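What follows draws every value from the coordinates through simple rules; no lab data is involved. Treat the numbers as computed from the prediction; the structure is a model and nothing was measured. Note that each Cβ is placed from the backbone with ideal geometry, even for glycine, and that neighbours are counted across all protein chains shown.
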Amino acid sequence: MSTESTLSRTLWDYLCSLKLAMTLLLSLAITSIIGTIIPQGNLAPQYIESIGQTKLKLYQALGFFDMYHSWWFVLLLGALSVNLIACSFKRLPQIWKVVTQPVTTLDEGTRKGLANLATITAPGTALALKERMVQILGASFSAPVVAEKDGAYHLYAQKTPWCRLAVYAVHLSILVIFIGALAGSLFGFKGFVNIPEGGSVSKIVGTGGKEINLGFELRCEKFTASFYDTGAPREFKSLLTVRENGKTVAGYDHVPIIVNDPLSYRGITFYQSSYGKIGQHDFTVSDLDGSHPVAVKVPSDGSAQLPDGGEMHVLDATPDVASFEADKSGPAAQIEVHGPNGQTTKSVVYANYPDLNLQSARKNGGPLFRYTGGQENQYTGLQVARDPGVGIVWFGCLLMVVGVYCAFFLSHRRVWVRIQDGEIVIGGNTNKNPAGFELAFEKLVQKIKGELAHEEQK
């Protein structure tokens, strides 16, 4: 045998080996932990700050922030797929031959390989015994195949031979799941979008900041939120409308969605994820004596720079503080200020009560704030996903369940019978659960003996 042939054989055996399969499965299990520990997709600024630039660049280079699409993870899945295909091609022909071309005669070679054997002596012609055994096996086990060889009748019966193929169904199910995941990865997307009340969008921001066109318009008609007494959100709900070509799509007008009850349209699913306020608040910032006034605009979902180098953002705001403080009226806002020296202060700033604003400013060491009002709307935050591979994955999972059930709970049971010179030799075999089959075989032999004895008494 040539060196090339030996090398090819060695490589083929390695591709078909259980050792390679276990190594790949263990590698996938261990590396999947990375996707659980490290955030995936768009990263929060706080997380980026916590890990530092060195780790950030390293993680990005290794694809840790989109691990399940990284080249090395796909390579592991591909290697496992090749291993499964190689194992199937190597072993399937032999199993297929056992299922489709079984040995139907009980010769000496077959007899020596059987763990379960019994011999019965019965009167009568071989033809009559053969006919009787066909009836007994058909009623008690399975309809037999009859053959005649060397002056003897041979009967062969089997149950669930196809269960030997169950392991290959499991292999196929894994490949189908991989194909579904790949289809979702290549042709699907995930993203996020904020829609203000009364607003609409036709594009979203996908993973990595890529803009994705939906192909239709999604409008937020209304957003509502309810809270527990503690202030924690109890339920938040959006009423969404789908529009195409300037018209509302039938059946998709004011569709309510809440957490775990999404809206799906044209293969794209919208999940209720978050909510907040969008808009801006207007302030005047000056020295304590009112000099050097500067107008500052603070976005509802962000912060603004102050003249002294500090930073401020709005915690809450109301167009009329009377709903909270009966002795006051007009706009008011609660703000948080991060001074240039690192000090953080909170205070309530009014539009109509400059004396109270001055008291707060003196208490906090300046500057002096005055709230002049703002405009903001509620917005709904939606997670958006399109995964054309979901159906394929579900089919693969169903195939796996069926395959695993057949592989573990069903067995290929076989019975051979040879009738010659008034002697009936019975043999049996199974590919799984030999102890259980031994009991079933003994029960079958006893039934045959009883049936033949009953015929003899007649």
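General remarks:
- Residue-by-residue Karplus 3J(HN,Hα) for region 172-181, coefficients 6.51, -1.76, 1.60, Hz, glycine and proline x: 5, 4, 5, 5, 5, 5, 4, 5, x, 5
- Close amide H contacts of LYS222 (hydrogens built in the peptide plane, cut-off under 5 Å, sequence separation of 5 or more or a different chain): GLY198, LEU239.
- Efficiency of FRET from Cβ geometry, ARG266 and GLN94, R₀ 60 Å, rounded to 0.05: 0.80
- Neighbour cut-off at most 10 other Cβ (10 Å), DSSP loop, chymotrypsin sites (Phe, Trp or Tyr not before Pro), region 199-252: TYR228
- Each part gets one Cα centre, and for region 313-391 versus region 412-456 those centres are 87 Å apart.
- To the nearest ten degrees, helix 71-100 and the longest principal axis of the Cα atoms of the chain are 20 degrees apart.
- Computed helical MRE - 222 nm, the chain, DSSP H runs ≥ 4 contributing -39500 (n - 2.57), nearest 500: -13000 deg cm²/dmol
- Neighbour-count ranking [beta-carbon atoms within 10 angstrom, fewest first] of HIS412, HIS254: HIS254, HIS412
- Within the shell defined by Cβ-Cβ distances under 14 Å, the residues around GLY330 carry a net charge of -3, with Lys and Arg each +1 and Asp and Glu each -1.
- Fewest-first ranking of HIS454, HIS313, using other Cβ atoms within 10 Å as the exposure measure: HIS454, HIS313
- Angle between the chain longest axis and helix 126-140 axis [Cα atoms, degrees, rounded to 10]: 20
- For the chain, the longest principal axis of the alpha carbon atoms and the long axis of helix 45-62 meet at an angle near 40°.
- The mean sequence distance of close C-alpha pairs (under 8 Å, at least 6 residues apart), as a share of the length of the chain, puts its relative contact order at 20 percent.
- Taking MET400, MET133 and counting other C-beta atoms within 10 Å, the order from fewest to most: MET400, MET133
- Taking all Cα pairs closer than 8 Å and separated by 6 or more residues, the relative contact order of region 268-314 comes to 29 percent.
- Hydrodynamic estimate: the Kirkwood radius of region 309-365 over Cα pairs, inserted into Stokes-Einstein at 4 °C and 1.567 mPa s, corresponds to D of 108 µm²/s.
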